[in-house]
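*Asks:* Here it is: the structure, laid out below.
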Amino acid sequence: GENVEQHPSTLSVQEGDSAVIKCTYSDSASNYFPWYKQELGKRPQLIIDIRSNVGEKKDQRIAVTLNKTAKHFSLHITETQPEDSAVYFCAASSSNTGKLIFGQGTTLQVKP
Amino acid sequence: GAGVSQSPSNKVTEKGKDVELRCDPISGHTALYWYRQSLGQGLEFLIYFQGNSAPDKSGLPSDRFSAERTGGSVSTLTIQRTQQEDSAVYLCASSLAGGVGQPQHFGDGTRLSIL
């Protein structure tokens with residue numbers, strides 16, 4: 001079945017630096033890739049998503065890139081702030097039901 | 001408007017007991033998903049409902065797990081004869097429509113602890 005691998009599992013950066021989280025997926029039919037941010041004890045919040053017909057999408061300090069050939073996609077956060085500290089999950093979807101297959105998560109710590 | 005609502009927020013029960021978890025999706029959302037998040041892990045798909053279509057139960061881990069959605073709105077996830085490995089946060093999500101590419105909005109989840 002579909003599998004999504006996410007790296008790194010933990011990431012520590014200084015405030016103002018950039019952070020990059022990478023995911024690879026196994027099902028070449030996957031065509032929707034959302035990213036969720038989950039703060040401790042809170043619900044996952046959708047922060048950005050990309051569909052397979054585009055290679056890059058940007059929203060202020062957050063961008064996502066997609067390489068369909070290599071079957072990987074990445075989240076880029078620029079000018080990181082302490083409030084960016086959270087667990088980030090990537091996901092992929094190929095099923096006609098829209099069910100999401102999640103990566104294992106990346107704990108991002110932004111040090112002031 | 002109101003987001004996805006789940007109850008209870010926490011549930012502690014003894015091994016072997018049955019539990020029922022409830023999800024109220026966002027009003028007007030026709031698709032509803034259940035996921036499970038074990039400690040320090042990603043989310044694992046359990047079941048999907050869309051309108052009056054047959055649910056996709058492909059993620060249910062055993063026949064002790066079942067779910068229903070009455071009237072196309074509220075859903076309940078039932079776990080019978082609970083085991084310690086069932087301990088996890090159970091998350092519900094809804095989207096405006098089913099299918100790929102529809103943003104899913106999550107509830108706060110039910111934290112289930114099996115003693």
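The values are calculated or read from the model by the stated rules, or taken from the named source; none is laboratory data. Predicted, not measured: the structure shown is a model, and the values here were computed from it. Positions of Cβ are backbone-derived with ideal geometry, glycine not excepted, and every protein chain shown enters the neighbour counts. All accessible areas refer to the heavy atoms of the entire protein, side chains included, with ligands and DNA or RNA removed. Shrake-Rupley method; radii C 1.70, N 1.55, O 1.52, S 1.80 Å.
*Asks:* Pick from A:58, A:42, A:99: which is open to solvent by 30 Å² or more (accessible area, probe 1.4 Å) and farther than 24 Å from residue B:111 by Cβ? Walk me through how you get there before you give the answer.
*Replies:* Working: A:42 fails: farther than 24 Å from residue B:111 by Cβ; A:99 fails: farther than 24 Å from residue B:111 by Cβ.
Selected residue: A:58, the only one of A:58, A:42, A:99 that is open to solvent by 30 Å² or more (accessible area, probe 1.4 Å) and farther than 24 Å from residue B:111 by Cβ.
*Asks:* Could you tell me whether the stretch A:5-28 includes any residue that is open to solvent by 20 Å² or more (accessible area, probe 1.4 Å), at pLDDT 95 or above, closer than 15 Å to residue A:101 by Cβ and of a type in the set (Val, Ile, Thr)?
*Replies:* Yes, the stretch A:5-28 has at least one match.
*Asks:* Let me ask something else about it. Determine the pairs where a residue that is facing chain B (nearest Cβ under 7 Å), located within the stretch A:90-112, has a partner that is assigned to a loop (DSSP other than H, G, I, E, B) and buried (at least 24 other Cβ atoms within 10 Å of the Cβ) with Cβ atoms under 6 Å apart, the partner being 6 or more residues away or on another chain.
*Replies:* From residues that are facing chain B (nearest Cβ under 7 Å), the pairs are A:93/A:100.
*Asks:* Working only within the stretch B:1-25, note down all residues that are in a loop (DSSP other than H, G, I, E, B), away from every other protein chain (no Cβ under 11 Å) and buried (at least 18 other Cβ atoms within 10 Å of the Cβ).
*Replies:* Hit for the stretch B:1-25 is B:25, nothing else.
*Asks:* Now a separate question. Somewhere in the stretch B:36-51, is a residue among the polar types (S, T, N, Q), more than 23 Å from residue A:90 (Cα to Cα) and at the interface with chain A (Cβ under 9 Å from one of its Cβ atoms)? Show your work before the answer.
*Replies:* Filtering the stretch B:36-51 down to residues among the polar types (S, T, N, Q) leaves B:37-38, B:41, B:50.
Filter again for more than 23 Å from residue A:90 (Cα to Cα), leaving B:50.
Next, from what is left, pick out any that are at the interface with chain A (Cβ under 9 Å from one of its Cβ atoms): B:50.
Yes, because at least one residue in the stretch B:36-51 is among the polar types (S, T, N, Q), more than 23 Å from residue A:90 (Cα to Cα) and at the interface with chain A (Cβ under 9 Å from one of its Cβ atoms).
*Asks:* Is it true that residue B:99 is closer than 22 Å to residue A:33 by Cβ and part of a loop (DSSP other than H, G, I, E, B)?
*Replies:* Values: closer than 22 Å to residue A:33 by Cβ: yes; part of a loop (DSSP other than H, G, I, E, B): yes.
Yes; evaluated as a whole, the condition is true for this residue.
*Asks:* State all residues of the stretch B:51-89 that are outside any strand (DSSP E or B), among the hydrophobic types (A, V, I, L, M, F, W, C) and within 15 Å of the chain's Cα centre (by Cα); if no residue qualifies, say none.
*Replies:* The first filter runs over the stretch B:51-89 and keeps only residues outside any strand (DSSP E or B), leaving B:51-55, B:57-64, B:70-74, B:80-87.
Subset that is among the hydrophobic types (A, V, I, L, M, F, W, C): B:54, B:60, B:74.
Listed by number, the residues that qualify are B:60, B:74.
*Asks:* Using the structure shown, decide if residue A:71 is within 13 Å of the chain's Cα centre (by Cα) and either basic (Lys, Arg) or more than 14 Å from chain B (Cβ to nearest Cβ) (or both). Show your work before the answer.
*Replies:* Values: within 13 Å of the chain's Cα centre (by Cα): no; either basic (Lys, Arg) or more than 14 Å from chain B (Cβ to nearest Cβ) (or both): yes.
No; evaluated as a whole, the condition is false for this residue.
*Asks:* Being at the interface with chain A (Cβ under 7 Å from one of its Cβ atoms) and open to solvent by 10 Å² or more (accessible area, probe 1.4 Å) is the filter here, so list the residues in the stretch B:106-115 that pass it. Walk me through it before giving the result.
*Replies:* We begin by selecting, within the stretch B:106-115, every residue at the interface with chain A (Cβ under 7 Å from one of its Cβ atoms); these are B:106-109.
Answer for the stretch B:106-115, where residues must be at the interface with chain A (Cβ under 7 Å from one of its Cβ atoms) and open to solvent by 10 Å² or more (accessible area, probe 1.4 Å): just B:108.
*Asks:* Tell me which of these residue B:81 doesn't satisfy, since it passes every other one: (1) at pLDDT 95 or above; (2) crowded, with 21+ Cβ neighbours inside 10 Å.
*Replies:* (2)
*Asks:* Would it be correct to say that residue A:31 is modelled with pLDDT under 95, more than 13 Å from the chain's Cα centre (by Cα), closer than 20 Å to residue B:95 by Cβ and within 9 Å of chain B (Cβ to nearest Cβ)?
*Replies:* Values: modelled with pLDDT under 95: yes; more than 13 Å from the chain's Cα centre (by Cα): yes; closer than 20 Å to residue B:95 by Cβ: yes; within 9 Å of chain B (Cβ to nearest Cβ): yes.
In short, yes.
*Asks:* Is it true that some residue in the stretch A:68-89 is surrounded by fewer than 19 Cβ atoms within 10 Å (Cβ to Cβ), on the phi > 0 side of the Ramachandran plot and basic (Lys, Arg)?
*Replies:* Within the stretch A:68-89, one or more residues are surrounded by fewer than 19 Cβ atoms within 10 Å (Cβ to Cβ), on the phi > 0 side of the Ramachandran plot and basic (Lys, Arg).
*Asks:* Could I ask something else about it? Sort out which residues of the stretch B:26-44 are open to solvent by 20 Å² or more (accessible area, probe 1.4 Å) and either in contact with a helix residue (DSSP H, G or I) (Cβ under 9 Å, 6 or more places away or on another chain) or assigned to a strand (DSSP E or B) (or both), and write them in order of number.
*Replies:* Our first condition is that a residue be open to solvent by 20 Å² or more (accessible area, probe 1.4 Å); within the stretch B:26-44, this holds for B:26-30, B:36-41, B:44.
Within the stretch B:26-44, B:36, B:37, B:38, B:44 meet the criteria.
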